[in-house]
Amino acid sequence: MLNNTFIKQIKTKIIIALDFKKINQAINLIKFLDPKIYRLKIGKEMFFLFGLSFIKKIINLGFKVFLDLKLHDIPNTVEKSIKSFSDLGIWMISIHAMGGKEMMKSAKMAISSYKKKPPLLVAVTVLSSLKNRNLKDIGIFISLKKYVLLLSKLCKKIGLDGVICPGNFSNNIKNFLGKDFKVISPGVRFLGTESHDQKNVIIPEDVSKLNIDYIVLGRIITLSRNPIQDLNLVKSKINNFI
Ligand code: C5P
């Protein structure tokens, strides 16, 4: 294991989670965002409502799109699903590490067949809404930290680009798997504010020392009365933001 001080400090980038019910709510936010600075995440909510045409619209506005469908199915289905997005020009796509080795290999094979630049392939380790006791409920009796690392090691071995995990585990992953293995972390909240369903939240002040490659900003921005002001506030608290 490497010592923490060997990690070159990672420059954190911001992904905004477009979790809205209506397209115009998303557009009202997007119109203030510079695609050179912000990446956008389309998750199940907007994908189920508005499908591929919405993704195309966002990509045509010049944004890098993270399609966060957290695919978790038999290998054949995951492979075919990922192949079906091959023409879109998606920047990043997510699967579930708990889908297992064969499923992840099939996902990797699917993006290798892309003719256009393939997306980054990342896997959810554990949802940031889960705590140690939630793992026990589903029969997993090692700690969250150990489980996240175990799954991250498997993802790296298979050739994935990174993992989605609670931000507090980022340094541990970087220590074992190196600085180039990407860490993406949701669940960012201002100190003392509502954490909603998230159990493993991080505050913007801690982001720099955690060495997270991408933070995902959801409700901290989408529920804000003044999203741009809050976005700037988050940025101002991150030393090594790019
Ligand atoms: O609103 P909040 O900041 O909690 O947003 C979290 C976003 O990140 C949601 O879009 C959610 O689907 C996503 N996400 C997550 N936990 C993961 C992976 C993705 O919360 N492990």
Exceeding the 31 Å Cα-Cα cut-off - candidates 105/237; 70/157; 57/209; 31/145; 11/136: 105/237; 57/209; 31/145; 11/136
Probe 1.4 Å, protein heavy atoms only - accessible area per residue of region 13-237 in square angstrom: 47
Length gained when the stretch residue 233-residue 205 is fully extended (0.36 nm per residue, less Cα-Cα span): 9.0 nm
10 Å Cβ shell holding at most 13 others, DSSP loop, chymotrypsin sites (Phe, Trp or Tyr not before Pro): longest site-free stretch of the chain: 33-140
In Å², nearest 10: area of residue 72 left accessible to a 1.4 Å probe: 100
Counted charge near residue 70, where neighbours are those whose Cβ lies closer than 14 Å (Asp, Glu -1; Lys, Arg +1): -2
Cα-Cα over 28 Å, subset of 22/116; 115/156; 101/179; 83/156; 21/153: 22/116; 21/153
The chain - percent of accessible surface contributed by carbon and sulfur, probe 1.4 Å: 54
Global geometry of the chain, whether rounded, prolate or oblate, following the gyration tensor of its Cα atoms and the 1.5 cut on a/c: rounded
Fluctuation leader among 206, 161, 137 - the chain, Gaussian network, Cα springs under 10 angstrom: 137
Rounded FRET efficiency, nearest 0.05, which uses the C-beta distance separating residue 225 from residue 49 and R0 of 22 Å: 0.40
Distance between modelled label sites at residue 176 and residue 153, nm, 7 Å Cα→Cβ extension: 0.5
Among 93, 202, 27: highest mean-square fluctuation, GNM of the chain, C-alpha pairs under 10 Å: 27
Partner aspartates and glutamates for residue 64 [C-alpha distance under 17 Å; skip if fewer than 8 residues away on the same chain]: 19, 34, 87, 161, 213
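The values are calculated or read from the model by the stated rules, or taken from the named source; none is laboratory data. As the structure is a prediction and not an experimental result, all values here were calculated from the model. Cβ: placed from backbone, ideal geometry, glycine included. Neighbour counts: every protein chain shown. Note: areas computed on protein heavy atoms with side chains; ligands, DNA, RNA excluded. Shrake-Rupley method; radii C 1.70, N 1.55, O 1.52, S 1.80 Å.
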